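Undergrad: Supplied in structure tokens, the structure appears directly below.
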Amino acid sequence: MGSFALPAPAAAILDRLEGAGYEAWAVGGCVRDSLLGLCPQDWDLCTAAKPEEMQRVFSGWKVIPTGLRHGTVTVHLAGQNWEVTSYRADGSYSDHRRPDSVRFVHRVEEDLARRDFTVNAMAWHPRRGLFDPMGGRADLESRVLRCVGEPGRRFDEDALRILRGIRFAAWYGLSPEKETAAAIHHGKETLKLVAPERCMAELRRLLCAPGAQLAPVLEQFWDVLAVLPGLDCLERMPGYDQGNPHHHLDLRGHTIQAVASVPPREPLRLAALLHDSGKPACRTVDKEGIAHYYGHAKESARLAERALKRLRSPGELRRQVVQLVELHDLWVPPTLPSARRWLGRLGEQALRDLLALERGDTLAHAPACQPPRLARLAQWEALLDQVVGEGDCLSLRDLAVKGEDLLALGFAAGPELGATLRHLLEEVVEGRLENHREVLLAAAKERLEGARSSPYPFL
């Protein structure tokens, strides 16, 4: 199961520590990922040496005292930073996030015993091999997520481990064992004590897990997400009958299917999570007893804005998500002028994301309703490819005439000049004028002459 490819700088750090008489190992996620056949993003190293001893051992190397209180130094070697941490045991956690104190210990098994999950509590050394006192390898092979020690205590120490556990389950296809799953549900309220930006960081990582693995995890732990800042809008979704023949799933089921059906990009997955959050507030029922949700996209966008602000989302990510949610239910006929207009308004990536969100939303509708919607989206994608491939004029930047050209015709600087440029762009986008300098100058001259003879110029 898997293999290890320890980078040369990390191996040099281990050798230097052990050459000075201090045991050292690679630990945590790099061991887990290597056993799974994945390429580790980071190699975390731990050692029996205390921080001051590490500083002596690495004398002559660039050493950054990044976290001496918690036993961590950073060694800069071969152009990269490598974190090395002393074996330690944690004290009490009064804030449900970080230990109030740590004490340095002599044995690696004591260090591994303080960690969150068995799959993260393994150590490896190129000569000694795998050290696995908590049974992490067996749990990986069985695809089980299990806390180290008593689950309630682990989550009470650090509430963020609840979201980390859900993320690991989704990313690695793990099923939380019974006691671990129960402790996640039981301890969810402590997430309210965690800084919102830390919750947001975990949520962003969680939502980008492979869709087929993410869907069952979201279903199992939906109640946990609903306690995060601003995500109380998710509470009403389980069991919410949409009361419309276009939908065969309750609102939560529809939302989960939509999330799993869009590509794993943060703006798309977040937009899919929130795209129908405003439905309960917009429900109306017609005389046949069919429910409708007029204006739900706008209300969902409002709730998305609120949620992402409370989660302290980066501004650009929030803007992208809110725009996608607000436009996701906008039905526009697939025509070349529409493709040009929307491409000019949103840009290529945002428009492709919007189409991807609509596709994910469609795949979460009743199967009988999907074919015509998917056919329309296919037409849109073909038109988008055509417009992009032809390099059509989509913005004032692409227009064959500029402001100075209109000034030379006799336009005055000011609103009428800008209005004329926008008018010419609209005529080009709609296909009524070609984007050629002579054609546009003639149209502008005709507009100017018409304005001079009219009592209501440029209206």
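The values are calculated or read from the model by the stated rules, or taken from the named source; none is laboratory data. On a predicted model such as this, the values are computed, not experimentally measured, just so you know. Cβ sites come from the backbone with ideal geometry, for glycine too, and all protein chains shown count toward neighbours. Accessible surface is based on the protein model in full, side chains and every heavy atom, while ligands, DNA and RNA are left aside. Shrake-Rupley method; radii C 1.70, N 1.55, O 1.52, S 1.80 Å.
Undergrad: Evaluate the following for Lys309: is it surrounded by fewer than 16 Cβ atoms within 10 Å (Cβ to Cβ), among the charged types (D, E, K, R) and touching a residue at least 40 places away in the same chain (Cβ under 8 Å)? Can you show your working first?
TA: Values: surrounded by fewer than 16 Cβ atoms within 10 Å (Cβ to Cβ): yes; among the charged types (D, E, K, R): yes; touching a residue at least 40 places away in the same chain (Cβ under 8 Å): yes.
Yes; evaluated as a whole, the condition is true for this residue.
Undergrad: Could you list all residues from the range 325-341 that are open to solvent by 30 Å² or more (accessible area, probe 1.4 Å), part of a helix (DSSP H, G or I) and closer than 27 Å to Tyr293 by Cβ?
TA: Step one: of the range 325-341, the residues open to solvent by 30 Å² or more (accessible area, probe 1.4 Å) are 326, 329-331, 333-337, 340-341.
Remaining after also requiring part of a helix (DSSP H, G or I): 326, 336-337, 340-341.
The answer is Glu326, Arg341.
Undergrad: Looking at the range 195-218, which of the residues that are assigned to a loop (DSSP other than H, G, I, E, B) and open to solvent by 10 Å² or more (accessible area, probe 1.4 Å) is farthest from Asp232 (Cα to Cα)?
TA: Step one: list which residues in the range 195-218 are assigned to a loop (DSSP other than H, G, I, E, B), which gives 195, 208-210.
This time we only want the ones that are open to solvent by 10 Å² or more (accessible area, probe 1.4 Å), so: 195, 208, 210.
Working: Ala195: 17, Cys208: 21, Pro210: 25 Å.
Restricting to residues being assigned to a loop (DSSP other than H, G, I, E, B) and open to solvent by 10 Å² or more (accessible area, probe 1.4 Å), the top hit is Pro210.
Undergrad: Any residue in the range 23-46 that's crowded, with 22+ Cβ neighbours inside 10 Å: show its pairings with residues that are among the hydroxyl-bearing types (Ser, Thr, Tyr) and in a strand (DSSP E or B) at Cβ separation under 6 Å, as long as the two are six or more apart or on different chains.
TA: Every condition considered, the pairs that remain are Ala24/Thr47; Cys46/Thr85.
Undergrad: On to the next question. Can you tell me which residue among Gly243, Gly278, Gly230, Gly239 is touching a strand residue (DSSP E or B) at 6+ places or on another chain (Cβ under 9 Å), more than 25 Å from Leu145 (Cα to Cα) and not hydrophobic (A, V, I, L, M, F, W, C)? Lay out the reasoning, then the answer.
TA: Values: Gly278 fails: touching a strand residue (DSSP E or B) at 6+ places or on another chain (Cβ under 9 Å); Gly230 fails: touching a strand residue (DSSP E or B) at 6+ places or on another chain (Cβ under 9 Å); Gly239 fails: touching a strand residue (DSSP E or B) at 6+ places or on another chain (Cβ under 9 Å).
From the options Gly243, Gly278, Gly230, Gly239, the qualifying one is Gly243.
Undergrad: Right, next: Considering only the range 420-449, state which residues are over 18 Å from Leu343 (Cα atoms), touching a residue at least 12 places away in the same chain (Cβ under 8 Å) and loosely packed, with under 15 Cβ neighbours inside 10 Å.
TA: Selection gives His436, Arg437, Lys445.
Undergrad: Same structure again: For the range 375-392, state whether one or more residues are farther than 21 Å from Leu343 by Cα, open to solvent by less than 40 Å² (accessible area, probe 1.4 Å) and at pLDDT 95 or above. Reasoning before the result, please.
TA: Taking the range 375-392 and keeping what is farther than 21 Å from Leu343 by Cα, we get none.
There is no residue in the range 375-392 that is farther than 21 Å from Leu343 by Cα, open to solvent by less than 40 Å² (accessible area, probe 1.4 Å) and at pLDDT 95 or above.
Undergrad: Condition check: at pLDDT 95 or above and farther than 28 Å from Pro7 by Cβ. Does His125 satisfy that?
TA: Values: at pLDDT 95 or above: yes; farther than 28 Å from Pro7 by Cβ: no.
The answer is no for His125.
Undergrad: Taking Val84 as meeting all but one of (1) modelled with pLDDT of 85 or more; (2) in a loop (DSSP other than H, G, I, E, B), write down the number of the exception.
TA: Only one criterion is unmet by Val84, namely (2).
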